[in-house]
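Peer 1: Structure incoming, see below.
The values are calculated or read from the model by the stated rules, or taken from the named source; none is laboratory data. What you see is a predicted model; the values in this text were computed from it and never measured. So basically every Cβ, Gly included, is an ideal-geometry build from the backbone, and we count neighbours across all protein chains shown.
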Amino acid sequence: MIDLHSHILPGIDDGAKTMEDSLAMARIALDNGTVVIAATPHVIEGCWLPDWSTIQNLCRELSLELRRENIALTVIPGAEVALNMDILDLIKGPGPYCINGGKYMLVELPATHIPQYTEEFFFTLQARGISPILAHPERHPQIAHNPELIVEWVNKGILMQVNGPSLVGKMGDRAMKTAETLLNSNLVHFFGSDTHGPKTRTPRLTEAQAKSVSLVGEKITRQIFTDNSSAVISSDDIIITDVQKIAVVKKHGIWKRIASMLG
């Protein structure tokens with residue numbers, strides 16, 4: 001598997017605090033079938049605003065430590081860019097703050113609302129040659145209430161990354177139901193762990209992968225967990241299925257019970 005969303009770099013945001021945390025997270029990721037992980041620290045105007053060179057250097061440092069510890073996990077640079085018009089002053093085109101320095105950029109909505117300028121922000125990125133990937137839409141309250149909101153975005157080329165823990169109930173019932181709905185509606189293009197540490201919000205994606213197989217089958221699951229993510233790393237195009245309406249999703253309460261038992 002390829003994990004396109006993590007906060008594995010030490011001391012740069014609210015993720016891993018130390019290199020020891022980063023290495024522990026890497027071991028968990030590898031043990032759970034992840035072979036490539038994108039380091040996507042927060043890039044937020046007025047809060048965390050690391051230089052692209054800082055992100056790249058930390059990725060190199062972590063990669064060196066991984067080799068020393070014989071941990072066969074590949075770390076690539078990226079960022080989770082907060083949706084804010086001012087941040088566009090730093091983003092002129094593909095490269096800095098994009099995943100693996102390519103053309104795909106992970107973007108995060110404000111936690112409580114969808115700004116009026118959201119579509120303008122996405123359009124500006126696209127006009128500059130960048131393909132936006134919206135991080136964890138299933139966690140957003142407005143999208144959870146009305147997932148139809150993102151159908152138009154997807155049909156305009158905005159890609160969606162859902163958090164694996166959400167799909168198996170670890171981020172609450174609302175996020176799980178929304179993740180199920182998006183997955184069954186062809187509105188999920190990638191999964192990521194959004195890991196923040198080795199003890200809580202860990203980089204385990206195997207449960208989410210198994211549930212995805214049960215909902216949409218092995219072929220689509222492989223596309224989401226591996227093939228699409230490989231295309232992102234290489235800056236290759238991804239074919240998006242047009243979505244006309246949201247699918248009706250059956251309840252899968254067993255997954256919530258399993259998740260609670262597994263902690």
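Peer 1: Say we look at segment 31-54 and pick out the residues that are closer than 16 Å to residue 101 by Cα and more than 17 Å from the chain's Cα centre (by Cα); which of these is surrounded by the fewest Cβ atoms within 10 Å (Cβ to Cβ)?
Peer 2: 53
Peer 1: Of (1) touching a helix residue (DSSP H, G or I) at 6+ places or on another chain (Cβ under 8 Å); (2) modelled with pLDDT of 95 or more; (3) more than 14 Å from residue 3 (Cβ to Cβ), residue 45 satisfies all except one. Which?
Peer 2: All conditions are met except number (2).
Peer 1: Which one of 28, 55 is touching a Ser or Thr at 6+ places or on another chain (Cβ under 7 Å) and not in a loop (DSSP other than H, G, I, E, B)?
Peer 2: Within the list 28, 55, the selection yields 28.
Peer 1: Please give the number of the condition residue 243 fails out of (1) surrounded by fewer than 19 Cβ atoms within 10 Å (Cβ to Cβ); (2) in contact with a Ser or Thr (Cβ under 9 Å, 6 or more places away or on another chain); (3) within 23 Å of residue 99 (Cα to Cα).
Peer 2: That leaves (3) as the condition not met.
Peer 1: Moving on to the next point. If residue 214 passes every condition in (1) closer than 22 Å to residue 139 by Cβ; (2) touching a His at 6+ places or on another chain (Cβ under 7 Å); (3) not charged (D, E, K, R) but one, which one does it miss?
Peer 2: The single condition residue 214 does not satisfy is (2).
Peer 1: If a residue has to be among the basic types (Lys, Arg), in a helix (DSSP H, G or I) and in contact (Cβ under 8 Å) with a residue 60 or more places away in the chain to count, how many in segment 172-209 make the cut?
Peer 2: 1
Peer 1: While we're here: Identify the single condition in (1) touching a Ser or Thr at 6+ places or on another chain (Cβ under 7 Å); (2) surrounded by fewer than 24 Cβ atoms within 10 Å (Cβ to Cβ); (3) under 19 Å from residue 147 (Cα atoms) that residue 183 does not satisfy, given that it satisfies every other one.
Peer 2: So the condition that residue 183 fails would be (2).
Peer 1: Take residue 72 and decide whether it is in contact (Cβ under 8 Å) with a residue 12 or more places away in the chain, touching a Ser or Thr at 6+ places or on another chain (Cβ under 9 Å) and closer than 20 Å to residue 203 by Cβ.
Peer 2: no
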